[in-house]
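Report on the following structure.
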Amino acid sequence: MEFIRIIIWILMLSPALVIGQTTFTSPLTQHNPESIPTTFEDIERTLEINSENITLTTTMDDGKLFEVYDILEKKDGLEDVRFLCSSRNKENLVTVIIPNQKKIEILDIYRRSDTTWKVEHLRLWLD
């Protein structure tokens, strides 16, 4: 039964991610959730996915920061949907992971830090 639910979820989500646009909003970001201690940031972020790119918009006190990633590959799996992307300057690879859940509550983003060049893991907690 669980397998059928996952297949239905993939079929429902996949056309929107290929043809149209899917938007997720997050009021809370968890930094490096696998490390102890982990840190949380109350910050408004929006992730928009369309057939060609993913845009991460961060709303700050002094304006908005837009990060646009070109989709190189999309993989539909039983546990999640994964997007392999590149930054517009082609210098960084970014992975966006959407777990297969009845109600999508989190998104994971893996990207290289602009300052340290280490891979950072952002977990967006969704509305």
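Structure values in brief
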| read-out | value |
| --- | --- |
| Whole-Hz couplings from phi, Karplus 6.51/-1.76/1.60, listed for the stretch 26-38; x for Gly and Pro | 9, x, 9, 10, 9, 9, 6, x, 7, 9, 10, x, 9 |
| Computed [θ] at 222 nm, helices only, for the chain once each DSSP H run of length n ≥ 4 contributes -39500 (n - 2.57) | -4500 deg cm²/dmol |
| Cα long-axis angle, helix 2-18 against the chain (0 to 90 degrees, to the nearest 10) | 60 |
| Charge-dipole axis of the chain as Lys and Arg at +1 and Asp and Glu at -1 on Cβ define it, positive-most pick from T95, T39, V119 | T95 |
| Candidates E91, E44, E105, ranked by Gaussian network fluctuation over the chain, Cα under 10 Å, top entry | E91 |
| Loop-located chymotrypsin sites (Phe, Trp or Tyr not before Pro) in the stretch 95-127, at most 11 other Cβ atoms within 10 Å (DSSP) | W117 |
| Lysines whose Cα lies under 23 Å from that of K103, excluding same-chain neighbours fewer than 8 positions away | K74, K75 |
| When the stretch 14-127 is reduced to its Cα atoms, the Kirkwood hydrodynamic radius in Å | 14.5 |
| The chain, dipole about Cα centre (Lys/Arg Cβ +1, Asp/Glu Cβ -1), debye to the nearest 20 | 340 |
| From phi via Karplus (6.51, -1.76, 1.60), per-residue ³J(HN,Hα) for the stretch 98-113 in Hz, x at Gly/Pro | 10, x, 6, 9, 4, 10, 6, 10, 9, 10, 10, 10, 10, 8, 7, 5 |
| Segments 28-39, 49-60 sorted - mean Cβ within 10 Å per residue, highest first | 49-60, 28-39 |
| Inter-probe distance in nm under a simple model that places probes 7 Å from Cα toward Cβ, at F40 and S86 | 3.8 |
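Where a number appears in this text, it was derived from the coordinates with a stated rule and is not lab data. Remember, predicted model here, so these are calculated numbers, not experimental data. Note that each Cβ is placed from the backbone with ideal geometry, even for glycine, and that neighbours are counted across all protein chains shown.
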